[in-house]
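Below you'll find the structure, written out as structure tokens, and then a few comments.
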Amino acid sequence: AQTIHQWPVAEIKAVGSPLSLGCTIKGKSSPNLYWYWQATGGTLQQLFYSITVGQVESVVQLNLSASRPKDDQFILSTEKLLLSHSGFYLCAWGGQISNERLFFGHGTKLSVL
Amino acid sequence: GEKVEQHESTLSVREGDSAVINCTYTDTASSYFPWYKQEAGKSLHFVIDIRSNVDRKQSQRLIVLLDKKAKRFSLHITATQPEDSAIYFCAASRNSNNRIFFGDGTQLVVKP
């Protein structure tokens, strides 16, 4: 069975500090990977997606970057946090064929103060 | 780009009644329409989907209808139960890329 693990579960960070969030997918070879951001009580905004190691496509520019250093790992980061980065970050994986359901991680709640 | 609109931001029903959540989309090339459920403080999980080659799909108490001409799709939850209470998100995507567009979510409250 496939599992998706996101870390950390929650972070409280200062404005201007760096950030690194991650997720690992086990039991699925070459998944498509996605990062989503959800403002508190809000809609989901797709940030990045990756269909293969080393290749990441940006969907929106929010002063964030993403990398896929391994087939099963997706990292979201920034060198300088803004207040507007607060929210809920969700990693998800889907099959290699487009138009399949997504499986979401449990999410990371980020508070920027 | 695609825009998905969810028409009900909140919906309150009595236990045992049916609930209907409606979404519209703008991209005629969209061909895949999943629904996800988010319980309070938790992540999303998939509930049901429909593809553009059919106009109706049912899974137990969940029914999804798709009207391609009107660019509208809807989730029907029959015989609602308190555990159905959650935020429901509709989404749409094309066959050809990895862009998945979500609606703003509908908070469903099922009152006992």
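Computed from the coordinates by the stated procedures, all read-outs in this text should not be read as laboratory data. Just so you know, these numbers come straight off a predicted model, no measurement behind them. Cβ sites come from the backbone with ideal geometry, for glycine too, and all protein chains shown count toward neighbours.
Please arrange B:T26, B:T80, B:T10 by how many other C-beta atoms lie within 10 Å of their C-beta, fewest to most.
Going from least to most buried by this count: B:T10, B:T26, B:T80.
Among B:I50, B:Y36, B:G103, whose Cα projects farthest towards the positive end of the dipole of chain B, with charges put on the beta-carbon of Lys, Arg (+1) and Asp, Glu (-1)?
Value: B:I50.
Give, to the nearest whole percent, the P(r) tail of segment B:5-112 beyond 22 angstrom, counting all Cα pairs.
26 percent
So what are the protein assembly as shown's ellipsoid semi-axes, whole angstrom, largest first, if each one is the square root of 5 times an eigenvalue of the alpha-carbon gyration tensor?
30, 21, 16
Quick one: of the DSSP bridges fully inside the protein assembly as shown, what percent are antiparallel, nearest 5?
90 percent
Using packing as a proxy for protection, rank A:37-44, A:84-91 so that the peptide with the highest average count of other Cβ atoms within 10 Å comes first.
Top to bottom by mean Cβ count within 10 Å: A:84-91, A:37-44.
For segment A:40-113 and segment B:43-112, what is the separation of their Cα centres, given in Å?
23 Å
Taking R0 as 22 Å, what FRET efficiency do you get between B:S12 and B:A79 from their Cβ-Cβ distance, rounded to the nearest 0.05?
So, using R0 = 22 Å, E works out to roughly 0.85.
Please give the FRET efficiency for A:H106 paired with B:V109, using the beta carbon to beta carbon distance and R0 = 22 Å, rounded to the nearest 0.05.
0.40
Which log10 I(q)/I(0) values, to two decimals, does chain A give at q = 0.12, 0.21 Å⁻¹ under the Debye formula with one point per Cα?
For chain A, the Cα-only Debye profile gives -0.37, -1.14.
Would you mind working out the magnitude of the charge dipole of chain B relative to its Cα centre, with +1 at each Lys and Arg C-beta and -1 at each Asp and Glu C-beta, to the nearest 20 Debye?
Here the size comes out at about 340 debye.
Is there a simple number for the mean count of other chain Cβ atoms within 10 Å of the Cβ of residues in A:79-92, and what is it?
Averaged over the peptide's residues, the number is 1.
Report the Rg/Rh value for segment A:73-113, based on alpha-carbon coordinates and the Kirkwood definition of Rh.
Looking at segment A:73-113, the ratio lands at 1.08.
Can you tell me the relative contact order of chain A? Whole percent, Cα pairs under 8 Å, sequence separation 6 or more.
36 percent
Straight-line reach from B:K69: which lysines fall under 27 Å, measuring Cα to Cα and dropping same-chain residues less than 8 apart?
Those lysines meeting the cut-off are B:K3, B:K37, B:K57.
Averaging sequence separations of C-alpha pairs under 8 Å and six or more residues apart, then dividing by the length of segment A:14-56, give the relative contact order as a whole percent.
Once divided by the residue count of segment A:14-56, the mean separation gives 31 percent.
Under a plain spin-label model, where a point goes 7 Å from the Cα along Cα-to-Cβ, how far apart in nm are A:Q2 and A:L113?
3.7 nm
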